[in-house]
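> I am attaching a structure below and will ask some questions about it afterwards.
The values are calculated or read from the model by the stated rules, or taken from the named source; none is laboratory data. Bear in mind the structure is a predicted one, so any value in this text is a computation, not a measurement. We place every Cβ from the backbone using ideal geometry, glycine too, and count neighbours over all the protein chains shown.
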């Protein structure tokens, strides 16, 4: 480590809407991200990592605050001003003497001016078009014209017009700025989130007709699954829908390889600068994407594994090269407390995540491995249905037939899930539930909620869920002067445990 400082650089690489399963190291038959798979072998890859909420902004606020959306109050993609917390990751790192940067997509509660260096891009191109040359401006117009949909042809402009290439170039500019302080760099790719587009040579790298067969639409998955499928059939045409979704899936895989090549480019450049032994590298995604499973794309329907499971890889000084790690559940809320322990600084009040540092380093740490996975969704109230009178925009229908999968019908209500071992339970505010044995049914095709032979397991997980929800009751604001908060530590779900 650089002798000018005693704390490592931190490189947080985030993708948007990356399905955890779709890499060869995770059992997918196609080699979509070979460099990332190799990188995972040099550190720790949590094979059971989850998002706190499978929606962009709620998940990103959970990343920065270490809190679940029911407590930080950002429960949809437009409620950033509601963010409630004591200190977040940016506050902690600034107090610890870090210079900070965002290169790529933000979509958190933090404004661009909160970072020392910010080059922001969205799904529609640069937030500062005047900074881009004519070729990139033309490409950004192409992105906007797609209306968050799919391109049936290779994207124009080549690789250098693509946002991942531009994000990495901006990141290198920040890294090379003269400053002796350690850096925190949030490299935030807006891909493989829709619009599903990719240039040559990635466009037909994974041809649509040669892809693995996805899970078909499933009966009994709930109203939102069938409702979303009906929307795609209406938008693309019932006869054409599956062909369009195959192209979405093909482009999605091509985007993964494009991102992988740009991560390789960045890591090669960091190695040239001698930063590889000085930097904690974290790779994760905010949430997943159906990417063709169940006849769907994007997100919006409840808490299936396709949406709540995320990739999570840690590599860097002090972190053992364990490769795949199945010994505990990890969550996006765990990033902040893990970095706090790594940097030997206090965890902010109200943080609900648990440090993973002892797992990463093989040394005794502040917390026990988590034995329960938990995630939540919904902005509250009762469910809206297709029979209710709602303005078109609340149903996700916008100009020129464009459709947003996040709308009043898909996001209303409250849904929670827990996973313990290979068993997973989803439950909502109307006492409607689903139960799956992921060991034998990883794609959740067979709902065991009403199976009498699984009644004992269902009751056990309902008890685990009730306990988890009570444990996650917000402790903020901390009662001043009079009380001290004693935080829960993970347990086996059978009883309370506190420290």
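> Would you say residue 117 is under 16 Å from residue 12 (Cα atoms) and either surrounded by fewer than 22 Cβ atoms within 10 Å (Cβ to Cβ) or over 21 Å from the mean Cα position of the chain (by Cα) (or both)?
yes
> Return the residues of the stretch 126-164 that are within 25 Å of the chain's Cα centre (by Cα), free of Cβ contacts under 8 Å to residues at least 24 places away in the same chain and over 16 Å from residue 198 (Cα atoms); say none if nothing qualifies.
If the condition is that a residue be within 25 Å of the chain's Cα centre (by Cα), free of Cβ contacts under 8 Å to residues at least 24 places away in the same chain and over 16 Å from residue 198 (Cα atoms), then 127 is the only one that fits.
> Here's a follow-up. How about the stretch 358-378: which of its residues are in contact with a strand residue (DSSP E or B) (Cβ under 9 Å, 6 or more places away or on another chain) and farther than 22 Å from residue 471 by Cβ?
Selection gives 360 alone.
> So, restricting to helices (runs of 4 or more DSSP H) that lie completely within the stretch 24-142, which ones have at least 2 residues that are closer than 27 Å to residue 321 by Cα?
34-41, 56-65, 89-95
> Take the residues in the stretch 186-222 that are outside any loop (DSSP other than H, G, I, E, B) and under 24 Å from the mean Cα position of the chain (by Cα), then tell me which one is nearest to residue 142 (Cα to Cα).
Filtering first and then ranking leaves 196.
> Among the residues of the stretch 1-24, which ones are surrounded by 15 or more Cβ atoms within 10 Å (Cβ to Cβ), at pLDDT 95 or above and over 17 Å from the mean Cα position of the chain (by Cα)?
Result: 8, 9, 10.
> Any residue at all in the stretch 405-416 that's free of Cβ contacts under 8 Å to residues at least 40 places away in the same chain, surrounded by 14 or more Cβ atoms within 10 Å (Cβ to Cβ) and part of a loop (DSSP other than H, G, I, E, B)?
yes
> Sticking with this structure for a sec: Do you know which residues across the stretch 124-141 are surrounded by fewer than 18 Cβ atoms within 10 Å (Cβ to Cβ) and within 30 Å of residue 244 (Cα to Cα)?
Correct list: 127, 135, 137, 138, 141.
> Any chance the stretch 325-341 includes a residue that's part of a loop (DSSP other than H, G, I, E, B), in contact with a strand residue (DSSP E or B) (Cβ under 7 Å, 6 or more places away or on another chain) and more than 30 Å from residue 485 (Cβ to Cβ)?
No.
> Right, something else. Taking the stretch 380-389, which residues are in contact (Cβ under 8 Å) with a residue 24 or more places away in the chain and either in the same structural domain as residue 353 (by TED's automatic domain parsing) or in a loop (DSSP other than H, G, I, E, B) (or both)?
Scanning the stretch 380-389 gives 381, 382, 383, 384, 385, 386.
> Could you list, in sequence order, all residues of the stretch 153-165 that are buried (at least 16 other Cβ atoms within 10 Å of the Cβ) and over 12 Å from residue 140 (Cα atoms)?
Scanning the stretch 153-165 gives 154, 159, 164, 165.
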